[in-house]
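A short reminder: the numbers here are calculations on the coordinates, not readings from a lab. As the structure is a computational prediction, the values presented were derived from the model and not from experiment. For neighbour counting, all protein chains shown are included, and Cβ atoms are generated from backbone atoms with ideal geometry for every residue, glycine included.
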Amino acid sequence: MSASNIAQQSTPPGPAQSRKGRHASPARARRSALSVALQIALVILVTAGTLVSGFSFVDGDKTLAVLPVIAMVAVGLGLLALTPFSAFVILLLAVRPALDLFKLSSNATGSALGNTATQRGLDPSSIVGVLFLLAAALWLAGRIRSGQLVPGSRLRTAMLAFLAACALSVVGSVQPQASALELLRIGTVVMMFVVLEQIITSRTVMIRVLVTCYVAMLIPLGFTLFGIVTGSPSSEVRGSFTRLTGPFNQSNTFARYLAFLLVFGIAIYPYVKPKLKLLFVAMLGLASVFMLLTLTRTAILGSVAGLVVLAVVQKRKGLIGGLVAIALCALMVLPGVAARFGTLDAESTPQGAPTGNTLVWRLHYWTEVIPLANANPVTGIGLASTQYETDAAKQPHNDFIRAYVETGLVGLVFYVCMLVALVGNARRAVQRAPRDTLESGVAAGALACAVCFVLGSMAANVMSNVVSLWYLIAFAAAAGYVSRTFAPGADSSGLQSRPDAGVVSAGKA
């Protein structure tokens, strides 16, 4: 600061300045009084909520124990939504894996048993989803009004088209309440992509989003590791298998979440700062072990396919050898993995019990599910309605069949378009990103995760798995930024054509 500035600041205020200060004092006093009142109200709210939650927990009433916590979180997020919106979105990405710890609905996701729409609607994840949709809609409206909206991508168009098909299916749904809630879940995934596409307009923001995704990963990893160390890991028993669930309601959800973070993490590992590499390796190592312990074959095979894609795109031949070594170690150290894959040779058990051949069960179940679409082949029987219309009371375990049955031919066409756009978004980023840069790692990781998702869709229920898909589309949004940045003529559109320097290591390890 210059001497003249210091002199100006140390000059006593003149009469005009004094009058201005005197006029501003009442306003400041009112703002101060309002701030104190809000603080007192928040303290009373938090205290009352804590007391109600604590007494309800002691009495064994899970609903009353969780609802005050939900209310406090909603109020807190509502206040945060008034701050810069990017901070609100970053916080949601950081805490999303923890929300499932407070679920009120049954663990039977994808099943009609003990899992009503009313119960699921009271879950913290559902309430936070509604809050996010409202806040995001207002924020986007403001950007449209101010002319700051980033031009949409093909992926955004395809996702919005599929969401519209899902909304159309609700109109004629046989289970309108369940369909409306499922539409909300898919809507939060689409909205998160739309928002991240608008937010990620610089390399710094892209890195901030990616760092947040892996900071969030510490929650399920730490929770699961603590459970194992203390001898009571969160798990579920399916037939003769005990499978890790982490903080989520099912082992399948935990596995898919880890699969995306693991594959993308391996893609960007060469470009992580040297001082963080050891921590990153530890996180990816835990993630791979925990994913194997979920015994979820679709996620494991999808991860393998994703890593093969990375080996080809990034020309990392060592990944193939690493895969073989991990497979051999898993078979020797984790016998449950070998036993789980061995059930493919077993005879199918009644209604697809977990110890039987679930592939054979799927094939039989698909023949039962597909004819349901005959009631309304154009717009389907409604989202999340399949499990209410079959004896097994389960989702189809195939998102292509689910899209056809529940959203009709219209939904199936747009779902396929969305998957094609997801892969195409990452492929363009791979083609445009400079070699041996973080951007090339982001592009390759997004492509590998897209392949993992497409393969999972063929034999699992991943279409509305919000906690996994938020991170998948975060990676897709980052790849979209890379594609826009290095597209021909990027300078003329006002987008960056060259990444900032000095944020991460530029060379491979």
Order by neighbour count: Asp391, Asp123, Asp399, Asp436, fewest other Cβ atoms within 10 Å first, most last.
Asp391, Asp436, Asp123, Asp399
Quick one: order His364, His397 by neighbouring beta-carbon count within 10 Å, fewest to most.
His364, His397
Leu218 versus Leu138, label points 7 Å from Cα toward the beta carbon: distance in nm?
3.1 nm
Those trypsin sites (Lys or Arg not before Pro) in region 397-496 that DSSP places in a loop and that have at most 16 other beta carbons within 10 Å:
Arg435
HN-Hα couplings for region 86-101 via Karplus (6.51, -1.76, 1.60; θ = phi - 60°), in whole Hz with x for Gly/Pro, come out as 4, 5, 4, 5, 4, 5, 4, 5, 6, 9, 3, x, 7, 5, 5, 5
Cβ-based net charge around Ser86, under 15 Å, with every Lys or Arg adding one and every Asp or Glu removing one
+2
The answer for Ser235, listing residues at least 5 apart or on another chain whose modeled amide H is closer than 5 Å to its amide H, is Thr245
Just to check I understand the Karplus step: with θ = phi - 60° and J = 6.51 cos²θ - 1.76 cosθ + 1.60, what whole-Hz values come out for region 433-439, glycine and proline as x?
5, x, 5, 6, 10, 4, 4
Quotient of Cα Rg and 2.2 N^0.38 Å for region 177-227, N being how many residues it contains:
1.56
